[in-house]
Every structure is written in C-alpha cells, then in structure tokens.
1. Take A:LEU430 and decide whether it is open to solvent by less than 30 Å² (accessible area, probe 1.4 Å), in the same structural domain as A:LYS498 (by TED's automatic domain parsing), modelled with pLDDT of 85 or more and in a helix (DSSP H, G or I).
2. Working only within the stretch A:43-58, note down all residues that are hydroxyl-bearing (Ser, Thr, Tyr) and at pLDDT below 85.
3. When you scan the stretch B:32-46, how many residues do you find that are more than 7 Å from every other protein chain (Cβ to nearest Cβ) and either within 20 Å of A:LYS237 (Cα to Cα) or under 16 Å from the mean Cα position of the chain (by Cα) (or both)?
4. Just give me the residues in the stretch A:8-27 being among the aliphatic types (A, V, I, L, M) and not in a helix (DSSP H, G or I), in sequence order.
5. From the residues in the stretch B:14-29 that are in contact with a helix residue (DSSP H, G or I) (Cβ under 6 Å, 6 or more places away or on another chain) and hydrophobic (A, V, I, L, M, F, W, C), which one is nearest to the other protein chains (Cβ to nearest Cβ)?
6. Could you give me the residue pairs with C-beta distances under 6 Å whose first residue belongs to the stretch A:80-108 and is without any contact (Cβ under 8 Å) to a residue 24 or more places away in the chain and assigned to a helix (DSSP H, G or I), whose second residue is of a type outside the set (D, E, K, R) and open to solvent by less than 40 Å² (accessible area, probe 1.4 Å) wherever it lies, and which are 6+ apart or on separate chains?
7. Quick check, is A:GLU463 at pLDDT below 85 and either part of a loop (DSSP other than H, G, I, E, B) or in the same structural domain as A:GLN392 (by TED's automatic domain parsing) (or both)?
8. Could you check A:ALA93 against (1) open to solvent by 80 Å² or more (accessible area, probe 1.4 Å); (2) farther than 27 Å from A:VAL277 by Cα; (3) at pLDDT 80 or above and say which number it fails?
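The values are calculated or read from the model by the stated rules, or taken from the named source; none is laboratory data. All figures in this text were calculated on a predicted structure; none of them were measured in a lab. Backbone-built Cβ (ideal geometry, glycine too); neighbour counts: all protein chains shown. When the accessible area is computed, the model is the full protein with side chains, heavy atoms only, and any ligands, DNA or RNA have been set aside. Shrake-Rupley method; radii C 1.70, N 1.55, O 1.52, S 1.80 Å.
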Amino acid sequence: MDAATAFIQLDLLEVVYLLVVGFIGGLVSGFIGSGGAFVLTPAMMSMDVPAIVAVASNMCHKFPKALVGAIKRARYGHVDVKLGIVIGVSAEAGVLYGAHLQESIKRAFGDAGSNLYVSLAFVVVLAVVGGYVLWDAIGAHRGAASQSEEKVSRLARCVQAVNIPYTMMYFRSLDARVSVLFTMPLGFATGMLASTIAVGGFIGVPGMHYLLGAPSLMASATELVVAFVMGLGGTIKYGWSGLVDVRLAMIILAGSLFGIQLGAIGTTYVRPHMIKVVMGTIMVLVLVSRALVIPVYLSDLGLIGTLGGGTARTLKGVSFGIMLFALATGAFIILAALQRGMRAQRRAEQAESGAVEPASVAGKAVPQLSPLGRFERVLLASDGSEFSAGAQREALRLAKRCNARIRAVTFVASDLEQEAMGEQVLKQELNTARAHLDRIAAQAAAAGVECETEVIQGSSVHEQILEECERFRADLVIVGRRGRGALARIMVGDTTLKLVGSAHCSVLVVPRTAEVHGRRFVVASDGSRFGDAAAVAAGSIAKRFDTQVTVVSVAVPSHPEARRKEAHGIVDRIVGLLRSDGVGAEGEVPVGLTADMILATAARASADLIIMGSRGRNRIERLLLGSNLERVLNRCQCAALVVKTA
Amino acid sequence: MTPFMADGDERKIVKTLALGFLSLLLYAALFLNEESVLQLSTLGGWYALVPVAIAFVFSVAHGAFTGHFWDVLGVKARK
C-alpha cells in the first residue's frame, strides 16, 4: 500500500478534534491504565483516515503516552515494572495472534464479518468483565466508608497458592510469588483484546486485580507498562510497512499527555474502588454502543433481514456517540473525584495549620521563615540493633517533651532472595521484629507517650520508611547511626543518607551513645532559606528543652572580607530573631572548613544537638548531600537534626 | 530578601515556559517539514524507527512540560 498517498490533509478543526479526544483518552488512561483508544481509532476513521493507518497511528501515540503515565505513577509507588514487562511480553504474542486471526476472518467473511467479530468480542468481554467490575465497584462503593484497603479475591488467593516449580516469580504488587503459567495467558488475552478492540486493559487490569491479586491502583498503573510494551511493538510492526502517520500520532499525543498527567494525579486522591467505578461504567456504556451496531453487520452478512441505509447510518452514528459519551463520562467522574479530593486536602491542611500555633521566630521582617520545628508526629525507624538504641531513647524523650505521637517501625526484607530462604525464616524474622516493637511500645507506655507500631516489609528499606513517613504524615523521622571513623560513609549507613536526602520531613540522626538533654544546641546557617528553616526549628525545640542556642556561620579562609562580614550579618540576624522569640542565643563565625568548624563549635559548647537545614528531594541535591552535611552526620558525636524544606 | 515561595514559583514558571517553548519548537519542526518527515517515516523496514524516535523525543519534552504545567496551576498529587 502506498500509505503516504493515503495520509489525509489536516485542517484546524480536525487538529482541535484530535487534541480534545486525545486529552480525554489520556485522562482516562492515566487513571485506569487504558481506554481512549477505542474512541481514537474510530475518531480518526471518521476523518477518512484508512482503518489500518488509524490503528497504526493510535499505536504510535499509545506507547509514549503510556511511558509518561507509567513514569508519573511510578513516582506514586503504583507501578510493578516486573509484572508489567512479564505480561507485556506475552501480550505482544497475543497482539500478533489477534491481528492474524482478524485478517483470517476478514479474508473469509469480508469487512462485515471482521466488524461483526470485533463487535461480538466487545459485547462478550464487556458484558462479562465489565458487568463484574461494575458490580464489584458498586459493592465496594457502598462499603467504602468502612474499608479503605482492598481485599485479595478468593480466586487470586487460590492462584497465589499454586506452586509450579521453575515457573514461580515474585511480584511486588502482589507481594507474592505467582506462576508465569498464570501471567502468560492473561498477557496473551490482553494482547488479543488490544489487537481486536484496541483496549487490552479491559482484560489486563481486571485480570491483574481479580486473578493475580494486585491492588486495583497498582493494576491500573502496571497496565501502562503493558501498554508501553504493546504500543512499542505495534508501532514497529506497522511502521515496518510504512503505515504510521506520525503527524496524527503526535497531535493526539499532545492532548493525551496533558490528560494522562491529570489522570495519574487523580489516582492519588481517590479510594481504590474508584478505578473500578470508572472502568466498569465505561465498559458497560461501550457495551451498549457496540451492541447497537451488531444488527448492521448481521444485515450485511445476510444473517437477518436487510436494514435500510438510513437505519444503518443512524445506528452507527448513535453507537459512535455513545462511545464518546462513555469516554466523557469516565473523564467527568475522574475530574469530579480529583476536584473533591483536592478540596478535601485543602480543608485538612487549613484545619491543621489553624490548630497549631505558629512557631516562627521570623516576625514580619523575614517572611521566608515559615512555621517550622513542629514535632507532633514522630516516626521512629529502628532495626533493633545496638545502633538503634540511641534513636529509641531520644525518640521517647523528644516525644515526651513535645507531646508527640510516635509510630515505631521496623523493617523486614521480603524480596525474592528472602522469600527463597523459606517461609520459616521469614516468620521468625517477623516474630523478632514484632517482639522488638512490643518492647518499644512498653517503654513508650511507661514514659506516658502515645505509640503505635508497625512491621514494614519490602525490598528497599529507605523507600519503605519514606512511604511510612508520607502515610503517617510525620513531622520528624528518627534513625540511628552506625558509628564513626575512617569508613564513615559506610558506617553511617547508606539507608540513613538516602533517607536524609529524600525525606520530606526533618530527620534526626542519633549515634548510639548520644543523648539530647538540652545542654546546648548548635544551629548552622549559611544565610540561605535552608539555614533559616534550621534556625526556626532550633528556636522551637530549644524552647521545649529550655536551653540555649549557638548560631554558627562558617567563613571559609579563601572567602573575601565581604563574605566574612556577610557571615557575621547572618549570625547577628538569627541571634536577634531567636532572642526576640525568648530563646537565649549567641553567635560565632569561625574560619575554616565548614564541617570541621561546625563540629568543633559543637564540641567546644558541649552541645548535644546540631541542627542544620537541607532542601528537598531532587536528585542533584541528594548527590550534593555528600559535602558538609554528610561530613557532619558522619563525624558528629552528638545527635544531628536535618531540617527539611522544599 | 525575596520571599521563598515567590522565588520557587518563579523558577517553576520559567522552567515550564522553557519546556513549553521546546515542545512548541518540536511541533513546529514536525509540521514545517511535514512532507519529508512523512516520506521518511513511511519508507518501511528499519525506517520504522523514525516514528518511534520522534515519539520518544516528543514524549520527553512534551511529557515534562505537561507535568510542570499542572504543577504550576496548582494541580498536584496528594501529599
């Protein structure tokens, strides 16, 4: 086929049409992992794009869209890349077989036969799967007030219980090992459906959820990985025959990337059952749409009486209209849920900030000093080793001083390697962890501190702790330190450094023997907003401990005189602010290497806490953590508080 | 001293505008060279990689832009 000659000229109206449909399709895909494609292909065909070019161009917009969506949702921890790739590869085989089957049907029964096959596939799959998803969604919606966690279906529990040697794989989203003999048919069916009705996710997402036991949020996000694999394979396949109209694909992509970002954001505001509500609603509406055109194809094949041209056109028009309506309904539900969620969060934030007295020492003159130093929700991460002893002791002390709530967590690795060690070993580790947490809870109760405990499982310690911080909305996370010395970096522990680099909240690192009695605190500032944030926190915590603060701003020997004066200015400003807030403070501007001078000042002042500021979470900043902050964390003998700001 | 939030917001907006401009440039380049791009991408065989490469480049630039776009408008994921 000379595809290029079949490519249409685009006018502005058509471009806008594709952008809008692309946006809505992207919105739905970002939320439920698929969808949109069943409208995009007919939408392109309604513009006189040849069917094969429409399918090819749809594929070419699908994989970059799925890639962006998968990356976005991976940031929210929704994606199981391994499961997505395993299912995606078998889906690719399903796509090829599905396309071959469709070509065979077309050769034998013509266009009407092919269309009838597609419509019947739609109706059967959507009736069975869509009906069940919607029924389950309605049930979940009714019980949503009482249950926020999804239950693993009985079928999935049976599948997870089946052990077929040499075929078992561990999947993070399932937190279980499952035989690939279950994932392969699921992937194959997903691919076949994708090649037939362009939306493999209508089997893939419910399959991952009900058959394998993945939470619906993770199933919908993992489907984006499957869609990426299928879309990339499909683009290469059609591109090999020169059938991709890259202009159409990029126009749809322009709209759909706006949509997919929004859909992905929407998933962070909704309860998991909303995925099923949206998917079930769309599936049932599309079912009606496709059922309407079945008589047209039956008539074309001569299986029923001939329909008039007007009737056939009307049925096709109404069918396409219902498809658009299905997509728009899905988009509406998502946008409404997003708006509700954002409003609820704003209200919660307002209520929270209104309930807490601002602890700013800034006054009106320094508006960047926002309320900081609030330690009402403390997360204690302890591994039960001797190195965590300091962290446990100081967490209780701090919680008592600040009337804070503690959530004590300990970590048990549960990755493939650990699983391979056997169930007994894992059980033993879990029991040890629980016993350790029980001891902390008992100590907390004796100290009159409210404390809850949790054993967290996963493959990455710092990521799990970060997730716990977010879930608990911790103001502070307290961790131990392994020691100090020449092998400082190794000793301080990669996990602690990663945590300090990545946490949103402040991090208190406590060496084993360090105790925070409130003899004196040292706060280091370079005059940046991070230093100011540290000063605010220092003021707040010094009042709790009724102690004095030494403010340090280090002047490096190579700095010109003007910079030294600037350092004095910084110190004077912060000392003034702390004093005006009722905190005893004095300042120093030592000259030398920054980390050395901070440590020397702390030692001289017999300080039991060093407070420093650090910014948020981007990668470069995490790398830069290596300099002064890391040196202080590695070498200090007392506890060190890293105050985080955005 | 510049207030912290205003400073951060300004940086975000500049970054978003820069990414939007880059995205616009890419689309302009695609449609100004529409014929040659179509010709190249429809040659078949290994030329199938042309639309794949275009899609990757657009997804990086435009994907980053759209992410920042909603962020600047205040539509952010739940904390």
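1. When the stated conditions are applied, A:LEU430 does not pass them.
2. Across the stretch A:43-58, the qualifying residue is only A:SER46.
3. 2
4. The answer is A:ILE8, A:LEU10.
5. Out of the qualifying residues, it is B:LEU26.
6. A:ILE105/A:GLY113; A:ILE105/A:SER114; A:LYS106/A:SER114
7. yes
8. Unmet condition: (1).
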